[in-house]
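**Q** Please find one structure pasted underneath; my questions will follow.
The values are calculated or read from the model by the stated rules, or taken from the named source; none is laboratory data. The structure presented is a predicted model; accordingly, all values stated were derived computationally and were not measured. Positions of Cβ are backbone-derived with ideal geometry, glycine not excepted, and every protein chain shown enters the neighbour counts. We work out accessible area using only protein heavy atoms, side chains counted, and drop any ligands, DNA or RNA first. Shrake-Rupley method; radii C 1.70, N 1.55, O 1.52, S 1.80 Å.
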Amino acid sequence: MTRRTLIAGNWKMNGLADGLGFFAEIAPAVAKADADVLVCPPATLLRDAARLAAPHGVRVGGQDCHAATSGAHTGDISAAMLRDAGASHVIVGHSERRADHGESDGDVLAKAEAALAAGVTPIICVGETREEREAGQAAAVVARQLAGSLPVVSPGMELVIAYEPVWAIGTGLTASVEDVAAMHDAIRDQLPEPLTTCILYGGSVKPDNAAELLALADVDGALVGGASLNPLDFMAIIKAVSRKSEPLR
Ligand code: PGA
């Protein structure tokens, strides 16, 4: 039994309809990929992206969802709406949401539960700040975030974890392979379904560092921000997936 590698792009607040040729451009790499490929465009593009991505075997996801199914929440989008627009996944608890919108672990848990209830796979993001790492608190912070934001998963439900050190996001800095390996190992030990849950690494994943990060036994893929905006860079990251067919521990 193996976990299938997932390469997920997070376009953040970038992208207009005229950029959706992206999916046809990355198709050659996707066709040969030993990985699932997901792109999370802004919500405005989701339905068109789903239509254009599907023929190439690429799935699409949301970048956030509200915890409620519907109601008086101006500007928000529910998980059911994301699914209706074609999303298979939704990112929850991204550090930019935690920072910009004050989202707590409890908020992230509620969003992850809403996603699961709507049949959308949550990608739950955790990660420490630079100050927390320098204070030797990285493992404790991530363990606390996980404990507070991991939903109870029923059989047949899937969730994905993304370890994204905040100081590595959009900075060009990446955690060392030793630190990533140690953190992913610790995260796996805390998961209710450790064998089948994908743990992605995110934070300045680029064509030149993807292969060594993806080669780590407990790194089951990548959540890619900046480099997912450029089809050539994103293709290079997809191509960096080596056969990760090690037996599961
Ligand atoms: P980055 O973003 O690859 O630009 O560092 C990653 C993320 O925020 O998911």
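**Q** Please go through segment 170-203 and give me each residue that is surrounded by 15 or more Cβ atoms within 10 Å (Cβ to Cβ), modelled with pLDDT under 95 and within 18 Å of Ser228 (Cα to Cα), ordered by number.
**A** Thr174
**Q** If you go through segment 100-121, how many residues are open to solvent by less than 60 Å² (accessible area, probe 1.4 Å) and over 15 Å from Ala68 (Cβ atoms)? Steps first, please.
**A** Initially, segment 100-121 is screened for residues open to solvent by less than 60 Å² (accessible area, probe 1.4 Å), giving 102-106, 108-112, 114-116, 118-121.
Cutting the leftovers down to over 15 Å from Ala68 (Cβ atoms) gives us 102, 104-105, 119, 121.
Of the residues in that region, 5 qualify.
**Q** A further question on this structure: For segment 124-143, does any single residue satisfy the condition of being crowded, with 18+ Cβ neighbours inside 10 Å and among the polar types (S, T, N, Q)?
**A** no
**Q** Considering only residues that are open to solvent by 50 Å² or more (accessible area, probe 1.4 Å) and of a type outside the set (A, V, I, L, M), look in segment 80-99 and name the one that is farthest from Gly170 (Cα to Cα).
**A** Asp84
**Q** Turning to a different aspect of this structure: Condition first: open to solvent by less than 50 Å² (accessible area, probe 1.4 Å) and either more than 26 Å from Val30 (Cβ to Cβ) or touching an Asp or Glu at 6+ places or on another chain (Cβ under 8 Å) (or both). Now tell me which residues in segment 68-79 satisfy that. I'd like the intermediate steps shown before the answer.
**A** Narrowing segment 68-79 to residues open to solvent by less than 50 Å² (accessible area, probe 1.4 Å): 68, 78-79.
Across segment 68-79, the qualifying residues are Ala68, Ser78.
**Q** Given the residues Ala29, Ala24, which is the only one that is in contact (Cβ under 8 Å) with a residue 60 or more places away in the chain and either among the basic types (Lys, Arg) or out of contact with any strand residue (DSSP E or B) (no Cβ under 7 Å at 6 or more places or on another chain) (or both)?
**A** Ala29
**Q** Could I ask something else about it? Could you list, in sequence order, all residues of segment 36-64 that are part of a loop (DSSP other than H, G, I, E, B) and under 21 Å from Ile199 (Cβ atoms)? Show your work before the answer.
**A** Keep residues of segment 36-64 that are part of a loop (DSSP other than H, G, I, E, B), which gives 41-42, 57, 63-64.
Answer for segment 36-64, where residues must be part of a loop (DSSP other than H, G, I, E, B) and under 21 Å from Ile199 (Cβ atoms): Gln63, Asp64.
**Q** Next up: Are any residues in segment 219-243 buried (at least 21 other Cβ atoms within 10 Å of the Cβ) and charged (D, E, K, R), and if so, which ones?
**A** If the condition is that a residue be buried (at least 21 other Cβ atoms within 10 Å of the Cβ) and charged (D, E, K, R), then Asp220 is the only one that fits.
**Q** Could you please give the count of residues in segment 78-89 that are closer than 21 Å to Val37 by Cα and away from the ligand (no atom under 16 Å from the Cβ)?
**A** Number satisfying all stated conditions: 8.
**Q** Go through (1) farther than 18 Å from Gly203 by Cα; (2) open to solvent by less than 60 Å² (accessible area, probe 1.4 Å) for Pro155 and report which single condition fails.
**A** In the conditions (1) farther than 18 Å from Gly203 by Cα; (2) open to solvent by less than 60 Å² (accessible area, probe 1.4 Å), Pro155 misses (2) alone.
**Q** Still on this structure, please answer the following. For segment 194-211, what are the residues that are touching a residue at least 60 places away in the same chain (Cβ under 8 Å), within 18 Å of Pro165 (Cα to Cα) and out of contact with any helix residue (DSSP H, G or I) (no Cβ under 6 Å at 6 or more places or on another chain)?
**A** Of everything in segment 194-211, those that are touching a residue at least 60 places away in the same chain (Cβ under 8 Å), within 18 Å of Pro165 (Cα to Cα) and out of contact with any helix residue (DSSP H, G or I) (no Cβ under 6 Å at 6 or more places or on another chain) turn out to be Cys198, Leu200, Gly202.
**Q** Within segment 180-195, which residues are under 16 Å from the mean Cα position of the chain (by Cα) and of a type in the set (S, T, N, Q)?
**A** none
**Q** For Leu191, state whether it is of a type outside the set (Phe, Trp, Tyr), touching a Phe, Trp or Tyr at 6+ places or on another chain (Cβ under 7 Å) and in contact (Cβ under 8 Å) with a residue 12 or more places away in the chain. If you could, list the steps in order and put the result at the bottom.
**A** Values: of a type outside the set (Phe, Trp, Tyr): yes; touching a Phe, Trp or Tyr at 6+ places or on another chain (Cβ under 7 Å): no; in contact (Cβ under 8 Å) with a residue 12 or more places away in the chain: yes.
Judged against the criteria, Leu191 is not a match.
**Q** Let me ask something additional. Condition first: in contact with a Pro (Cβ under 9 Å, 6 or more places away or on another chain) and either over 18 Å from Gly226 (Cβ atoms) or assigned to a helix (DSSP H, G or I) (or both). Now tell me which residues in segment 1-28 satisfy that.
**A** Met1, Thr2, Gly19, Leu20, Gly21, Phe22, Phe23, Ala24, Glu25, Ile26, Ala27
**Q** Taking the residues in segment 90-132 that are small (Gly, Ala, Ser) and within 14 Å of the ligand (Cβ to nearest atom) as candidates, determine which candidate is farthest from Leu200 (Cα to Cα). Steps first, please.
**A** Here is the first cut: in segment 90-132, the ones small (Gly, Ala, Ser) are 93, 95, 99, 102, 104, 106, 110, 112, 114-115, 117-119, 127.
The next check asks that each one be within 14 Å of the ligand (Cβ to nearest atom); those that pass are 93, 95, 99, 127.
Numbers: Gly93: 14, Ser95: 15, Ala99: 20, Gly127: 12 Å.
Restricting to residues being small (Gly, Ala, Ser) and within 14 Å of the ligand (Cβ to nearest atom), the top hit is Ala99.
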